[in-house]
Amino acid sequence: MVSPRTLGVPAALVFAAVLASCGRLQPTADRPPAQTHTVTMEGMAFQPNVIAVAAGDTIVWVNKDMVPHSATSDTAGFDSKVVQAHGSWQRASSGSVTSNTSARSTHG
Amino acid sequence: VNKTFSIITVGLYLSFGAGLVGSQGVNDAQIASIVVTANQVDIDAGRLAASHASQDAVKKFAQVMITDHTGVNKTAVELATRLKLTPQDNPTSQSLKAGGEKHLAQLKTLAGAAFDKAYVEHEVAYHQQVLDALDKVLIPGATNAELKALLVKVRPAFVAHLEHAQHLQQSTNGGR
């Protein structure tokens, strides 16, 4: 569910994360180095809107708009709160996920 | 521009879109003035609504309008300053300012559900006209590439504002 705080904030974008567990994590030795993925918030949309993230990777949301946004998971229990215009917020992934970052305007 | 709609349902004359569409064209300095004035008018209305609206949802919307339009104005002023573009007063800016003052005066006579309804209806008409002006006059008329890009970039936020205001209309009109 979308957090109540986000509802009613039309300029905020909701990070609709679809967390699909990939089952067991790979052994440490086989894992590729951790990566940083950047998702931009621009023009009231996330770009890219789908990313694949491995355990240990970091996702950085960069707000390139003139208005505040937020990145809020529908299911994964994270919420950036307000990401100011030209600001950013990051979160390390605790598991392998495929994140659907399709954006939508939120209305209270 | 649905001028009749704005007059009848809002009870105020918002000449922004209609005035601009009928103009002979505007230069970048005038566009800068129009952008700053248009944002300021909505900030002022938002400040009144944030404290006077009766519904929490309307108060939250008003706060978003304050935040977002302040952000847009900050960026617009920074760009104008960097481009050495001095906002030039013009009939559209003057009309916007006068319309905003008239709207505020009318809102101050209202309270409760009537206030919410008038504010939200005006926000719907206002954002429709801003978008109309952006599409028909401001974006096509901007000659500086950065100014044009700013106008293009801000458009989605105004669309979201319009959709939000239209959503609020359902509750301020008694759920219809």
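Tabulated values for the structure
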read-out	value
Qualifying residue in the stretch B:32-53 (condition: hydrophobic (A, V, I, L, M, F, W, C) and more than 28 Å from B:Val120 (Cβ to Cβ))	yes
Residue list for the stretch B:100-121, filter: of a type outside the set (A, V, I, L, M) and closer than 10 Å to B:Asn173 by Cα	B:Asp116, B:Lys117, B:Glu121
Some residue of the stretch B:14-24 being surrounded by fewer than 16 Cβ atoms within 10 Å (Cβ to Cβ), farther than 19 Å from B:Ile66 by Cβ and at pLDDT 50 or above	yes
Some residue of the stretch B:101-110 being modelled with pLDDT of 95 or more, within 18 Å of the chain's Cα centre (by Cα), surrounded by fewer than 14 Cβ atoms within 10 Å (Cβ to Cβ) and farther than 22 Å from B:Ala160 by Cα	yes
Test result for A:Ala71, of a type outside the set (D, E, K, R), closer than 18 Å to B:Asp68 by Cβ, in contact (Cβ under 8 Å) with a residue 40 or more places away in the chain and in contact with a Lys or Arg (Cβ under 9 Å, 6 or more places away or on another chain)	yes
Condition check for A:Lys81: closer than 16 Å to B:Pro156 by Cβ, within 14 Å of another protein chain (Cβ to nearest Cβ) and basic (Lys, Arg)	no
From the options B:Glu78, B:Glu163, B:Glu123, residue that is in contact with a strand residue (DSSP E or B) (Cβ under 9 Å, 6 or more places away or on another chain) and modelled with pLDDT of 95 or more	B:Glu163
Among (1) crowded, with 17+ Cβ neighbours inside 10 Å; (2) over 13 Å from the mean Cα position of the chain (by Cα); (3) closer than 26 Å to B:His52 by Cβ; (4) not basic (Lys, Arg) - the single one B:Ala157 does not satisfy	(2)
Residue in the stretch B:97-108 that is out of contact with any Leu (no Cβ under 9 Å at 6 or more places or on another chain), over 27 Å from A:Glu42 (Cβ atoms) and within 13 Å of another protein chain (Cβ to nearest Cβ) present	no
Strands (runs of 3 or more DSSP E) (entirely within chain A) containing at least 1 residues that are at pLDDT 55 or above and of a type in the set (Lys, Arg)	A:88-92
Subset of the stretch B:124-176 [within 11 Å of another protein chain (Cβ to nearest Cβ) and charged (D, E, K, R)]	B:Lys153, B:Arg155, B:Glu163
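The values are calculated or read from the model by the stated rules, or taken from the named source; none is laboratory data. Just so it is clear, the structure is predicted and the values come from calculations on it, not from any experiment. Quick reminder, even Gly has a Cβ in these numbers, built from the backbone with ideal geometry, and neighbours come from all protein chains shown.
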